[in-house]
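In what follows, a structure is listed as structure tokens, so that the remarks can point back to it.
The values are calculated or read from the model by the stated rules, or taken from the named source; none is laboratory data. Since we're looking at a predicted model, the values are computed, not measured. Positions of Cβ are generated from backbone atoms using ideal geometry, with glycine treated the same way; all protein chains shown enter the neighbour counts.
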Amino acid sequence: MARIQTPQRIRGTQDIFGEDQRRFAAVLETFDRVRKLYCFQRLEIPIFEATGVFARSMGETSDVVSKEMYTFEDRGGDSITLRPEFTAGIARAYISEGWQQFAPLKVATSGPVFRYERPQKGRYRQFHQIDAEILGAPEPAADVELLVLADQLLKELGIAEGVTLQLNTLGDAATRDAWRTALVAHFEAHKGELSEDSLARLEKNPLRILDSKDPRDRPIADSAPDIDAYLTDEAAAFFKAVTDGLDAAGVAWTRNARLVRGLDYYRHTAFEFVTDRLGAQGTVLAGGRYDGLIGSLGGPETAGVGWAAGVERLAMMLAEPKADAPDVVVIPVGERALAAAPTLLRDLRTYSISADCAFRGNTKRRMTLASKSGASFALIVGDDELDRNEVVVKTLATGDQQAVPMAQLDRFMRTLIFAAKLGADAEQIHNATSEGFSIVGNALPPEAE
């Protein structure tokens, strides 16, 4: 009989569990909490789009479009692409769903994205991003809002130390046209020294040569003219408004005149939060203003600015989050108690008490499992307790225990859990257990209701 081959993960994907999952969840939970503080609405968009949405929005010459997209033909003959990023899909939705009526629109989302690239530290072929965008707001205040949001997110995650905000301006349309002309002249003069990829970009997208990683291109890119010589007064004023806003908000930044977004619809602000804690690929969050994107997709001319960050890369920088632990573990002793346990567990959870059940092994082993779970309390119920319609509450840290009537259990447990979460020490928990409701005068404080 032929041996069945064990299935394996596809290269570049991951199974997220345990400590990795806790780090992953901490990023998403913090992002969700912070985006609410800034009044960004949550949205969900499809995981795949018509290929043209990404080709037009990211540029035919970009590495993502030319080398990395997961594109296939569906059964109807349409070219479909798994999303490699969020901005294009959000712009498409803004047009097709008629969201212009809600402008200025502040939105945030998260989820899996797909790029066929060489897997490396913190980079996968299916990975996850968080994303924040403001649509329909041409004012520099929108750029400031997004950058302050990103800065607070990194601080709330506890990873801001050693992360630097690099900032640049790409100017307005007139600025870019003049700068582009100067860049083309510069690169044409060194045409024989450029890499093959940069020669292709010279024809369609010369700004992309500035961020080439090919060693042959770096000396030529580094000696290229800066944008500052071509900034219009309006573009310079816009950039000053952004930097003044960041200064007022207490967000530290540094200028990187070589930071670019190569496509024609990018305008004004470009930025990256970078660190040396992740190796050579040090960007943890990046974005910029794309005032021409929605127009390039066939929609009305609409200002836009946004950023995205890789969840996995942020998670790698976190301290290990504490594992979740139940408030209580129910320990049923005997068949009758085992049959009654689901009702008891349901009632506890109904009152927002997290509860698990130790239903295997002898009583001693069940108590050991309850202690290892990290729970504060064990609820022991057997035939005698069922006959008296009560349960034994045991404080696992001290060994103290007390019989509590079933009718009063939920209030009693919430009192103890509230005390424990306030940081009550072993003696205080002992007093609460032995004296019952006296810890709060036989009534719960409002916070514990």
Index of the failed condition, GLU196 passing every other in (1) more than 12 Å from ALA224 (Cβ to Cβ); (2) modelled with pLDDT of 90 or more; (3) out of contact with any helix residue (DSSP H, G or I) (no Cβ under 9 Å at 6 or more places or on another chain): (2)
All positions within region 1-54 that are buried (at least 17 other Cβ atoms within 10 Å of the Cβ) and outside the structural domain of TYR124 (by TED's automatic domain parsing): GLY12
Residue in region 84-117 that is modelled with the highest pLDDT, counting only those that are under 14 Å from PHE48 (Cβ atoms) and part of a loop (DSSP other than H, G, I, E, B): PHE86
Identity of the residue in region 66-119, within 17 Å of GLY310 (Cβ to Cβ) and of a type in the set (S, T, N, Q), that ends up nearest to the chain's Cα centre (by Cα): SER110
Filter pass, THR275 being at pLDDT below 95, surrounded by 14 or more Cβ atoms within 10 Å (Cβ to Cβ) and in the same structural domain as PHE238 (by TED's automatic domain parsing): yes
Near pairs, Cβ below 8 angstrom, 6+ apart or cross-chain, from region 205-226 (under 19 Å from THR283 (Cα atoms)) to any residue that is surrounded by fewer than 18 Cβ atoms within 10 Å (Cβ to Cβ) and at pLDDT 90 or above: SER212/SER195; SER212/ARG218; ASP214/SER195
Only one of LEU82, LEU37, LEU147 that is touching a residue at least 60 places away in the same chain (Cβ under 8 Å) and in contact with a strand residue (DSSP E or B) (Cβ under 7 Å, 6 or more places away or on another chain): LEU147
ALA174 being in contact (Cβ under 8 Å) with a residue 40 or more places away in the chain and closer than 23 Å to ALA88 by Cβ: no
Filter result for ARG366 (out of contact with any Pro (no Cβ under 9 Å at 6 or more places or on another chain), farther than 30 Å from GLY89 by Cα, part of a helix (DSSP H, G or I) and not polar (S, T, N, Q)): no
Residues that are closer than 19 Å to THR415 by Cα and in contact with a Lys or Arg (Cβ under 7 Å, 6 or more places away or on another chain), drawn from region 365-393: PHE377, ALA378, ILE380
Enumeration of residues in region 105-123 that are surrounded by fewer than 20 Cβ atoms within 10 Å (Cβ to Cβ) and aromatic (Phe, Trp, Tyr): TYR116
Filter result (under 15 Å from ARG176 (Cα atoms) and among the aliphatic types (A, V, I, L, M)) within region 236-292: ALA236, ALA257, LEU259, VAL260, LEU263, ALA270
Condition met for ALA319 (surrounded by fewer than 23 Cβ atoms within 10 Å (Cβ to Cβ), touching a residue at least 40 places away in the same chain (Cβ under 8 Å) and assigned to a strand (DSSP E or B)): no
Whichever residue in region 120-152 is hydrophobic (A, V, I, L, M, F, W, C) and assigned to a strand (DSSP E or B) and, among such residues, is farthest from the chain's Cα centre (by Cα): LEU135
Complete set of residues in region 167-183 that are within 17 Å of ASP222 (Cβ to Cβ) and more than 32 Å from the chain's Cα centre (by Cα): TRP179, ALA182, LEU183
Checking ALA142 against (1) touching a residue at least 12 places away in the same chain (Cβ under 8 Å); (2) among the small types (Gly, Ala, Ser); (3) over 20 Å from GLY304 (Cβ atoms), the condition it does not meet: (3)
Qualifying residue in region 27-49 (condition: over 30 Å from GLU97 (Cα atoms) and not in a loop (DSSP other than H, G, I, E, B)): no
Region 261-283: number of residues that are assigned to a strand (DSSP E or B) and on the phi > 0 side of the Ramachandran plot: 1
